[in-house]
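Colleague: Below you'll find the structure I mean.
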Amino acid sequence: MNRSNPQKKTDVDLTSFNTLGVSAVANNFVDVECPKDLYELYEGGFFEHDCPFVLGGGSNILFLENPAQPILKVSIKGKDIIEDSSGRLKVKIGAGENWHEFVTWAVKNNYGSVENLALIPGTVGAAPIQNIGAYGVELDEVFDSLELFDMRDGIFKTFQKEECRFGYRDSIFKKALKRVVVVTRVTLNLTTENHQIEDSYKSLQSYLSEKRITEPSIKDIYEAVIDIRRSKLPDPNLIGNAGSFFKNPIINRKQFEELHKRYDEMPFYELNSEEIKIPAAWLIEKTGWKGKRIGDVGTYKNQALVIVNHGNATGSEIFSFSKKIQHSVFEEFGIELVPEVNIVE
Ligand SMILES: Cc1cc2nc3c(=O)[nH]c(=O)nc-3n(C[C@H](O)[C@H](O)[C@H](O)COP(=O)(O)OP(=O)(O)OC[C@H]3O[C@@H](n4cnc5c(N)ncnc54)[C@H](O)[C@@H]3O)c2cc1C
């Protein structure tokens, strides 16, 4: 907390700062290691013209070209247990901590509730931005509050769960407060006993029954999720990708019923009486894009929803590939696929 004068750098190669492995250069780059750095930057006029782009682990972004705005990398570390009683644990985590390392720490200490979110790449600070989710659990279920720095007025603020307006891969930080705040710390509620095991997800159930695990512990779930993810998703260290490129679209019942008449095999998940979620991967696969490749850009052979960089694809090549997929899906189904990945211009 005593460091001062955060160092600004120029001409920083961003290739290793994004898991798609797209090459881009930042003319103005600053690495923030403690919240106090943000205030110093504010006092020095860093936020006066254009809010910088806030970067975590770069696992959910696509640089279209060299970013026009400054890049602010969040490396705030630390983990503090602020409450531990009656089977509940409140822990405050620095936004720059690695998410999966945090989950591993939790499981090793027998703290439950985040085990289904194992192996999601990225930082703790980015987790609330899109309300990360996997295998039947979303971050908002364990979320307590967060601390942020508002780049517009230079004030540190605390946001409680309701104020974050979490939704499916969504929050206020993707809407009204898009790109104007820096999350500095996140507080989560974990369990220390009587853990609520979430094993209803189909692939998780099959995995557990194959291993003959009838009463899974949080460690069993953690290990199962890791194994399943490794078998399905490409490792960004081996092949550039940003996970699911698009969100699963949610359509209304009328549109669903019309589509279901044409495609009775179409998988779906009813959210409520009016809204139905359709797996984007199925739509992409059905339009023939699974495993397709144009130059160095393609969809992953085992999962059509993941766009991969086979080598030296540029940001704009990946973007134009994604547009082609959106076009095909819209032509065939009348459904607009919305990118989950954040496009940085
Ligand atoms: C192989 C793979 C699998 C994935 N699987 C899943 C999955 O199962 N579920 C899921 O939900 N996601 C998944 N993702 C997406 C990604 O891991 C998450 O979105 C993650 O939270 C991004 O973290 P990051 O630190 O890399 O954020 P970045 O990519 O750096 O940034 C993402 C967005 O958050 C903003 N941001 C980052 N840090 C901060 C901060 N401290 N304050 C304010 N804004 C910030 C950025 O400006 C940007 O808009 C996957 C990605 C990959 C590559």
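The values are calculated or read from the model by the stated rules, or taken from the named source; none is laboratory data. No experiment lies behind these values; they were computed from the predicted model shown. No Cβ is skipped: glycine too gets one built from the backbone with ideal geometry, and neighbour counts run over all protein chains shown. Ligands, DNA and RNA are stripped out before the accessible areas are found, and what is left, the full protein with its side chains, is counted by its heavy atoms. Shrake-Rupley method; radii C 1.70, N 1.55, O 1.52, S 1.80 Å.
Colleague: Any of K161/K202; K301/K323; K202/K247; K73/K108; K79/K157 with alpha carbons more than 21 Å apart? Name them for me.
Modeller: Cα-Cα > 21 Å for K161/K202; K73/K108; rest within.
Colleague: Here's a follow-up. Check cross-link reach from K324 to the aspartates and glutamates: straight Cα distance under 14 Å, and skip same-chain residues fewer than eight apart.
Modeller: Candidates past the 8-residue exclusion: E285, E332, E336.
Colleague: Please calculate the 1.4 Å probe accessible area of H260, with all protein chains present, and give it to the nearest 10 Å².
Modeller: Per-residue accessible area (H260): approximately 60 Å².
Colleague: Give the long-range amide H neighbours of D31: residues separated by 5 or more places, or on another chain, with amide H under 5 Å away, using H modelled in the peptide plane at 1.01 Å from N.
Modeller: Q7, K73
Colleague: If you place +1 on the Cβ of every Lys and Arg, -1 on the Cβ of every Asp and Glu, and leave all else neutral, what size is the dipole of the range 36-135 about its Cα centre, to the nearest 20 Debye?
Modeller: Around 420 debye, computed over the range 36-135.
Colleague: Explain nothing, just the number: dipole magnitude of the range 240-344 about its Cα centre with +1 on each Lys and Arg Cβ and -1 on each Asp and Glu Cβ, in debye rounded to the nearest 20. If you can, show how the numbers build up before the last one.
Modeller: Details: 13 positive and 14 negative charges, 60 e Å.
Its charge dipole is roughly 280 debye.
Colleague: Same structure, new question: Using the charge dipole of the chain (Lys, Arg: +1 at Cβ; Asp, Glu: -1 at Cβ; taken about the Cα centre), state which of G315, G96, F246 has its Cα farthest towards the positive end.
Modeller: Farthest towards the positive end: G315.
Colleague: Continuing with the same structure: Please list, in chain and number order, the residues 5+ apart from G240 or on another chain whose amide H is under 5 Å from its amide H, with Hs placed from the backbone.
Modeller: For G240, whose amide H was placed from the backbone, the distant partners under 5 Å are N309.
Colleague: Which value, in Å², gives the accessible area per residue of the range 233-337 when a 1.4 Å probe is used on the protein heavy atoms?
Modeller: Numbers: 5480 Å² over 105 residues.
Per residue, the range 233-337 has an accessible area of 52 Å².
Colleague: Given a cut-off of under 8 Å on Cα pairs at least six residues apart, what relative contact order in percent is computed for the range 109-173?
Modeller: Averaging sequence separation for qualifying contacts and normalising by length gives 31 percent for the range 109-173.
Colleague: Also: Could you please put R293, R169, R230, R253 in sequence from largest to smallest accessible area, using a 1.4 Å probe?
Modeller: The most accessible residue leads, giving R230, R293, R253, R169.
Colleague: Taking a probe of 1.4 angstrom, what is the accessible area of Y39 in Å², to the nearest 10?
Modeller: 100 Å²
Colleague: I need the phi-derived Karplus couplings for the range 127-132: 6.51 cos²θ - 1.76 cosθ + 1.60, θ = phi - 60°, integer Hz, Gly and Pro marked x.
Modeller: 3J(HN,Hα) across the range 127-132, in whole Hz: 4, x, 4, 10, 6, 3.
Colleague: What is the percent carbon and sulfur in the accessible area of the range 8-74, measuring with a 1.4 Å probe over the protein chains and ignoring ligands?
Modeller: Ligands and nucleic acids excluded, carbon and sulfur reach 45 percent.
Colleague: Now for a separate question. Please work out the C-alpha center-to-center distance from the range 55-76 to the range 191-248 and express it in whole Å.
Modeller: 28 Å
Colleague: If a paramagnetic tag sat 7 Å from the Cα of E40 along the Cα-Cβ line, which residues of the range 178-211 would have the backbone N under 20 Å from that point?
Modeller: Those under the cut-off are 182-185.
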